[in-house]
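Participant: Next up is a structure, given as structure tokens.
The values are calculated or read from the model by the stated rules, or taken from the named source; none is laboratory data. In this text the structure is predicted, and so the values were computed from the model without any measurement. As a convention, Cβ positions derive from the backbone with ideal geometry for all residues, glycine included, and neighbour counts pool all protein chains shown.
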Amino acid sequence: MDIAKKKLSRRAFMKTAAATGVVATVAYNLKPVLRAFAATDKPLFAASGEWKATTCQGCTSWCSVEVYVVDGRAVKVRGNANSKVNGKASCPRSHMALQQVYDPDRIKLPMKRTNPKKGRNEDPGFVPISWDEALNTVADKIMELRNNNETHKYMLMRGRYSYMRDIIYDRMTKIIGSPNNISHSAICAEAEKFGSYYTEGLWGYRQYDIKNARYVLLWGADPVSANRQVSYYLSEWGDMLDRAEVAVVDPRFSATATKADEWLPIKPGEDGALASAFAHVILTNGLWYKDFVGDFDKDSPVKEFIPKKRILEEFTLKGEVNKKLTFQEKYTYGLIKWWNVELKDKTPEWAAKITGISVEQIKRVAIGFAKAAPHAICWVGGGPSMQVRGCYGAMATHALNGLVGSVDNLGGTLKANKEYTGKFPKPDSFMDEIAKKGKKHKKMDHRGTKEFPALKKGKPGSGVVTNRVADAILDKDPNEIKVVIAYMNNFPFSCPGTERWEKALSKIPFTVHITTHAAEFTWFADIVLPSTHHMFEKWGYVKSHGNAYRHVTLLKPVTDLVWDIRTDESEIPWLLAEKLSDRGFDNLLMHYMEYKDPETGKSPANEKEFALYALKYVTRNLWDPKEYKGGDKLSGWKDFTARGVWNSDPYHYRARWGKMKTKTKKFEFYSETLKAALTQHAEKYKTSIDKIMSLCKYQARGDKAFMPHYEEPFVWGRKSEFPFQLVDYKSRLNREGRSANCTWYQELKDIDPGDEAWDDVAKINSVDASKVGIKNGDKIKLISKIGEIECTAKLWEGVRPGTVAKCYGQGHWAYGKVAAKKFGKVARGGNNNTIIPADYDRLSGSSAFYALTRVKIVKL
Amino acid sequence: MLKIKNKKNAAGNILQKKKVSRRDFLKMSGAVAVSVAGAMSAKEVFADKKPLSGKRLAMVLDLQRCTGCGGCIISCKNENNLQEGATWSYKKSTTAGKFPNVRYDYIPTLCNHCEKPPCVEVCPTSARHKADGDIVAQEPELCIGCLACMEACPYEGVIYFNEEETHRFWRDRKALIKGCTDSPEDVSKDVKGRVVPYYNPDREQNKKGSGLRRKGIVEKCTFCDHRVKKGKLPYCVMRCPAEARIFGDLNDPNSKVNQVIGKYRPMRLKEHLGTEPKVFYVRNYNPAVYKKSVGSL
């Protein structure tokens, strides 16, 4: 052919082609090439696949999804239309599960450490071993503790879980005989729950009824990007914008702020000041929602809230003896106390100076929000909550829902609908003397100590203080830890103050990590047990709520199991129970045998049966027509597994008005509930609440401690030395810190506004950048009081001057060859948790992530 | 470790960076030359069952519904077995303004399936051609990788050139932890995938070379021809959690696409060039309200 022989440059060829119409000629002559290809390129797959229902746990939205399975192989993911929570919507991170389950860097069989030295710079020297050898080793270590009466030196650490968790987290720990089952919850958002609990008696994440809302005010929440119900909110956000005004309070121009009417770029940690000013504006403008909050008594001499003026709680009419309340509250409690102690002086002018938000914007947003009452959502995210004094930030912001009557109301903030799953059999009769004695020891996380009240659900010492455990291990306080089993967690990456965890884990004599990947935690493990992937390879269930519904969605093995892996929460504890039984300790196995198949009454005979029976047992009320209690009517187990999800009944709005689980049954602006909890804690240590407040780093004294109020942020580092405040946040592609080894994650990292693909950038305002001489793309170090990380500078207008915004998720030095620049050695970017100090909101036990870290920027 | 190049925004740059060497070009053309003998009509190559004939398929992107989540980009890569670095569906995002008056703009992008596609004009082999449904189609087996289409296309980043053997990530034979993890190549074998472990066989539809495209050719969005021929909507349309992508026939006056572009004034990219894109944009990414004001001096 002519054109083949001609020595044409590409450009010249194109010219020729276009000009002379070579096109047609070539095309007509091509067919035989196709034939040639055809011979070697047979389609490998004849039939199409099938969509199978399961669950995505990429974040804690816990969407019900379906996986497209071709010949036992996962190919695609979509939302499960049977779910009334997320329906057919599935967010971008759901697809990445495919790159997780088929990640080459997944551990395919058990491994053991060959290098006895442990440390960040010690290659563990992992070699493959059999399940038998691995479990025998673990069982021997546990028996050693039991034989020496030191079962309290055993610890179970939990990361991502399903509700099968109690098999390994609760029952196994108790029957072995240890108090130390430590969850990750305090690095999640427990302080957020504190806000709703000590106002409306709800220890849980709220759902937000955006289909019926007219104003949505978000605080450090980024729902189109991260947690919770991302898929659902993605499906509704654009339509909601037609109905509702949206304002976002966040030092960073978040993904949600890019789709909002107002951005309030607050100075980090000052949320409480803004919230109190909002409440002040709402009250002084007479905009509280009277049907919920009530109103001034018709005879009261005072009829309005006037800035800076106290209001007497009671008055006496002329000629009468009995006192009357100045303000007759309906479903709330303590409004006048709140006004007098906290709100009366919190003018917009006062707040403007503190928050960096203009007086006009404060007034405009507060009034706009309140005028939409009761269909006005005050959406409290981790931002104002997960700070050193964050429990009060959570209360101050959440209290606005009380003022506008949106609590439990149409277009407002809702609790989870009722669901009817059961519980696993009780372990008590399988706990022998050793176990009972062991369990009486103190927990390793310091919960309930004087300094860590951890007031979950009104009970001092009932909340977890996850991140404290690293210090406890290092200090052997309350005791040393000899054996650890941990699953699907990665504390040396996900907990602030990562270096403490590296040191602590290096000191533990025997650690087992159940994991899909060789994570940073794994680096310190003696035995590594490869776990199944929740979405494709595991039996389990989770419950989740949104769209005014709750669903219980199944995790199912939907693909062929290819590697020598087992399920973390069911199969592995069963197999371990068998090994313990071989060694003369069969209590755990006997207990697990009680998890009988409700259909046949059979006890499980092996780990596979156990995983399935346990799930059927605990979800029976949902699928067995004989046990029907409400919600979707399913015809049996088969029906449940095919649909993959059970949906609750619709929401009953306002059912909790006057019946809230607080001391007063009302929405408490003056929290008798918190007062009782704090009193109990102070009495335990024979001290005053004020002293407890001081010890726990809070500023409030007296009655203020029981109210939503402003506390100044507690910050590590002086401004003179560390000029910038770090703003940490979560990526829309994060699968909880587990997706950085996916190429899709890296390729699309710039889907987070301001971020860059294949990079980890610290976003700096151009005003600051020119001050410190930093250019776009410069390699920099961020240095805080406790550590330093390397990353890339990005000049971006979406950050408040004086702050540096950086996404959490990168900075892995292990996990895989994509996540790390050099596996085991060099991180890709920097982990924010390396520079965020380990500090706490002590009343909730939460780790602080926000508004506590000052940094300086050094150009490399 | 395997290097993965990120070629975002580089679609146009490839032309500047890497000129196809004469030798490469001859190789490709050589293959073509061999074929002369058994010449058959091009019509058979593109033989369809013609359920789409007479249709003028178009996509409308509702920017208000769009949340900029990138689900379309990932799901497209998933559906069409795209290699690392390649995108058929992509986006343009910009941050404008000065703190605190900042705006973020986001538009999803893809091949515009122009009514008057310059790429079809210049393609020397008719690998790029108009197919039924007025889809600007790409026949992998006919492509010789001359890159003329990339040069002619006025839109950035919608055509991707397979400079090297595709899916190098999955062809790697090194395991991370010896004996404990698999090499990428082995993973794919273990699960009986095809190069890619989550390989989507539906992309092939018995059309040779379209499941995984080979080295030395270009590839781009086909409006999921393999799906639309079977009466299924393009995968990005199905997976957009916000239902921001609307697909249909411009020739049907009552189609949803016509309803929507009849209601809102649509925007098309580089409309002034006269390519007549069939990808339309309606509404604003952020329809924010502001307080009424006439401003001041």
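Participant: Of the residues in segment A:484-505, how many are touching a residue at least 40 places away in the same chain (Cβ under 8 Å) and either buried (at least 24 other Cβ atoms within 10 Å of the Cβ) or touching a His at 6+ places or on another chain (Cβ under 9 Å) (or both)?
Facilitator: Residues meeting the conditions: 14.
Participant: Go through segment A:77-98 residue by residue and tally those that are buried (at least 23 other Cβ atoms within 10 Å of the Cβ), within 11 Å of chain B (Cβ to nearest Cβ) and farther than 18 Å from A:Trp237 by Cα.
Facilitator: Final tally of qualifying residues: 6.
Participant: Being closer than 24 Å to A:Lys822 by Cβ and without any contact (Cβ under 8 Å) to a residue 40 or more places away in the chain is the filter here; which residues of segment A:506-545 pass it?
Facilitator: A:Thr511, A:His513, A:Phe521 - these are the residues of segment A:506-545 that are closer than 24 Å to A:Lys822 by Cβ and without any contact (Cβ under 8 Å) to a residue 40 or more places away in the chain.
Participant: Please state which of the following conditions A:Phe706 fails to meet, knowing it meets all the rest: (1) within 30 Å of A:Glu797 (Cβ to Cβ); (2) surrounded by 19 or more Cβ atoms within 10 Å (Cβ to Cβ).
Facilitator: Of (1) within 30 Å of A:Glu797 (Cβ to Cβ); (2) surrounded by 19 or more Cβ atoms within 10 Å (Cβ to Cβ), only one is false for A:Phe706: (1).
Participant: Of the numbered conditions (1) assigned to a loop (DSSP other than H, G, I, E, B); (2) facing chain B (nearest Cβ under 8 Å); (3) closer than 23 Å to A:Ser648 by Cα, A:Thr60 satisfies every one except a single condition; which is it?
Facilitator: Among (1) assigned to a loop (DSSP other than H, G, I, E, B); (2) facing chain B (nearest Cβ under 8 Å); (3) closer than 23 Å to A:Ser648 by Cα, the lone unmet condition for A:Thr60 is (2).
Participant: Given the conditions (1) more than 16 Å from B:Cys114 (Cβ to Cβ); (2) within 12 Å of chain A (Cβ to nearest Cβ), which single one is not true for B:Glu163?
Facilitator: (2)
This table checks each residue for (1) within 30 Å of A:Gln699 (Cα to Cα); (2) charged (D, E, K, R).
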{"site": "A:Asp297", "(1), (2)": "no, yes"}
{"site": "A:Thr316", "(1), (2)": "no, no"}
{"site": "A:Asn322", "(1), (2)": "no, no"}
{"site": "A:Phe327", "(1), (2)": "yes, no"}
{"site": "A:Thr332", "(1), (2)": "yes, no"}
{"site": "A:Glu342", "(1), (2)": "yes, yes"}
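Participant: With segment A:475-559 as the region, which strands (runs of 3 or more DSSP E) entirely inside it contain at least 2 residues that are aromatic (Phe, Trp, Tyr)?
Facilitator: Result: A:538-546.
Participant: Now for a different question. Looking only at segment A:122-140, decide whether some residue is on the phi < 0 side of the Ramachandran plot, of a type in the set (Gly, Ala, Ser), more than 14 Å from every other protein chain (Cβ to nearest Cβ) and crowded, with 18+ Cβ neighbours inside 10 Å.
Facilitator: Narrowing segment A:122-140 to residues on the phi < 0 side of the Ramachandran plot: A:122-124, A:126-140.
Those left that are additionally of a type in the set (Gly, Ala, Ser): A:130, A:134, A:139.
The next check asks that each one be more than 14 Å from every other protein chain (Cβ to nearest Cβ); those that pass are A:139.
So of that shortlist, the ones also crowded, with 18+ Cβ neighbours inside 10 Å come out as A:139.
Scanning segment A:122-140, I find at least one residue that is on the phi < 0 side of the Ramachandran plot, of a type in the set (Gly, Ala, Ser), more than 14 Å from every other protein chain (Cβ to nearest Cβ) and crowded, with 18+ Cβ neighbours inside 10 Å, so the answer is yes.
Participant: Going by what's in this entry, would A:Phe452 be described as in a loop (DSSP other than H, G, I, E, B) and buried (at least 20 other Cβ atoms within 10 Å of the Cβ)?
Facilitator: Spelling it out, A:Phe452 is indeed in a loop (DSSP other than H, G, I, E, B) and buried (at least 20 other Cβ atoms within 10 Å of the Cβ).
Participant: Mind listing just one residue for me: the one in segment A:765-779 that is more than 11 Å from chain B (Cβ to nearest Cβ) and among the hydrophobic types (A, V, I, L, M, F, W, C) and, of those, nearest to A:Arg800 (Cα to Cα)?
Facilitator: Going through segment A:765-779, the residues more than 11 Å from chain B (Cβ to nearest Cβ) turn out to be A:769-779.
Checking which are among the hydrophobic types (A, V, I, L, M, F, W, C) leaves us with A:769, A:772, A:774.
On the way: A:Ala769: 12, A:Val772: 15, A:Ile774: 16 Å.
Of everything passing the filter in segment A:765-779, A:Ala769 is nearest to A:Arg800 (Cα to Cα).
Participant: Could you count how many residues in segment A:241-258 are within 11 Å of chain B (Cβ to nearest Cβ) and more than 21 Å from A:His398 (Cβ to Cβ)?
Facilitator: Here the count works out to 6.
Participant: Of the residues that make up segment A:729-744, is at least one crowded, with 20+ Cβ neighbours inside 10 Å, under 21 Å from A:Val858 (Cα atoms) and within 14 Å of another protein chain (Cβ to nearest Cβ)?
Facilitator: No, segment A:729-744 contains no residue that is crowded, with 20+ Cβ neighbours inside 10 Å, under 21 Å from A:Val858 (Cα atoms) and within 14 Å of another protein chain (Cβ to nearest Cβ).
Participant: Specify which of the listed residues (B:Lys208, B:Lys192, B:Lys215) is under 17 Å from A:Val70 (Cβ atoms) and in contact with an Asp or Glu (Cβ under 8 Å, 6 or more places away or on another chain).
Facilitator: Sole residue among the options that is under 17 Å from A:Val70 (Cβ atoms) and in contact with an Asp or Glu (Cβ under 8 Å, 6 or more places away or on another chain): B:Lys192.
Participant: List the residue pairs whose Cβ atoms are under 8 Å apart, where the first residue sits in segment B:175-188 and is assigned to a loop (DSSP other than H, G, I, E, B), the second is of a type in the set (Lys, Arg) and surrounded by fewer than 19 Cβ atoms within 10 Å (Cβ to Cβ), and the two are 6 or more positions apart or on different chains.
Facilitator: These pairs meet every condition: B:Ser183/B:Arg173; B:Ser183/B:Lys174.
Participant: Within segment A:579-602, track down each residue that is in contact (Cβ under 8 Å) with a residue 40 or more places away in the chain, in a helix (DSSP H, G or I) and of a type outside the set (Lys, Arg).
Facilitator: Hits for segment A:579-602 are A:Leu580, A:Asp582, A:Asn587, A:Leu588, A:Met590, A:His591, A:Tyr592.
Residue-wise test of (1) β-branched (Val, Ile, Thr); (2) in a loop (DSSP other than H, G, I, E, B).
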| position | (1), (2) |
| --- | --- |
| B:Pro253 | no, yes |
| B:Asn258 | no, no |
| B:Ile261 | yes, no |
| B:Tyr281 | no, no |
| B:Tyr290 | no, yes |
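So that you can scan it fast, the table gives a plain yes or no per residue for (1) in contact with a helix residue (DSSP H, G or I) (Cβ under 6 Å, 6 or more places away or on another chain); (2) within 29 Å of A:Glu270 (Cβ to Cβ); (3) among the polar types (S, T, N, Q); (4) assigned to a helix (DSSP H, G or I):
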site	(1), (2), (3), (4)
A:Lys661	no, no, no, no
A:Thr664	yes, no, yes, no
A:Lys704	yes, yes, no, yes
A:Phe714	no, yes, no, no
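Participant: Every residue in segment B:110-156 that is at the interface with another protein chain (Cβ under 10 Å from one of its Cβ atoms) and assigned to a strand (DSSP E or B), please.
Facilitator: Hits for segment B:110-156 are B:Arg128, B:His129.
Participant: Identify the residue in segment B:94-109 that is more than 7 Å from chain A (Cβ to nearest Cβ) and of a type outside the set (Val, Ile, Thr) and, among all such residues, is farthest from A:Gln746 (Cα to Cα). Can you show your working first?
Facilitator: First pass over segment B:94-109, keeping only residues more than 7 Å from chain A (Cβ to nearest Cβ): B:94, B:96, B:101, B:103, B:105-109.
When the remaining residues are screened for being of a type outside the set (Val, Ile, Thr), the result is B:96, B:101, B:103, B:105-106, B:108.
On the way: B:Ala96: 24, B:Asn101: 29, B:Arg103: 25, B:Asp105: 21, B:Tyr106: 19, B:Pro108: 19 Å.
Once the filter is applied, the top-ranked residue is B:Asn101.
Participant: Next up: Could we say that A:Ala366 is assigned to a helix (DSSP H, G or I), surrounded by 19 or more Cβ atoms within 10 Å (Cβ to Cβ) and in contact (Cβ under 8 Å) with a residue 12 or more places away in the chain here?
Facilitator: Yes.
Participant: Still on this structure, I have one more. Tell me whether segment A:153-169 contains one or more residues that are part of a loop (DSSP other than H, G, I, E, B) and over 24 Å from A:Ala740 (Cβ atoms).
Facilitator: yes
Participant: Among the residues of segment B:205-224, is there at least one that is at the interface with another protein chain (Cβ under 10 Å from one of its Cβ atoms), touching a residue at least 24 places away in the same chain (Cβ under 8 Å), buried (at least 23 other Cβ atoms within 10 Å of the Cβ) and not aliphatic (A, V, I, L, M)?
Facilitator: yes
Participant: Which ones in segment A:812-844 are more than 14 Å from every other protein chain (Cβ to nearest Cβ), in a loop (DSSP other than H, G, I, E, B) and charged (D, E, K, R)?
Facilitator: Matches in segment A:812-844: A:Asp839, A:Arg842.
Participant: Kindly indicate which of B:Val187, B:Val228, B:Val191, B:Val257 is more than 14 Å from chain A (Cβ to nearest Cβ), over 28 Å from B:Cys143 (Cβ atoms), out of contact with any His (no Cβ under 8 Å at 6 or more places or on another chain) and surrounded by 19 or more Cβ atoms within 10 Å (Cβ to Cβ).
Facilitator: B:Val257
The rows are residues; the columns are (1) among the polar types (S, T, N, Q); (2) modelled with pLDDT of 95 or more; (3) surrounded by fewer than 23 Cβ atoms within 10 Å (Cβ to Cβ); (4) on the phi < 0 side of the Ramachandran plot.
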{"position": "A:Asp568", "(1), (2), (3), (4)": "no, yes, no, yes"}
{"position": "A:Ile572", "(1), (2), (3), (4)": "no, yes, no, yes"}
{"position": "A:Glu578", "(1), (2), (3), (4)": "no, yes, yes, yes"}
{"position": "A:Ser581", "(1), (2), (3), (4)": "yes, yes, yes, yes"}
{"position": "A:Asp586", "(1), (2), (3), (4)": "no, yes, yes, yes"}
{"position": "A:His591", "(1), (2), (3), (4)": "no, yes, no, yes"}
{"position": "A:Ala605", "(1), (2), (3), (4)": "no, yes, yes, yes"}
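Participant: Now a separate question. Scan segment A:647-684 for residues that are surrounded by fewer than 16 Cβ atoms within 10 Å (Cβ to Cβ) and more than 25 Å from A:Glu342 (Cα to Cα) and report the count.
Facilitator: Result for segment A:647-684: 7.
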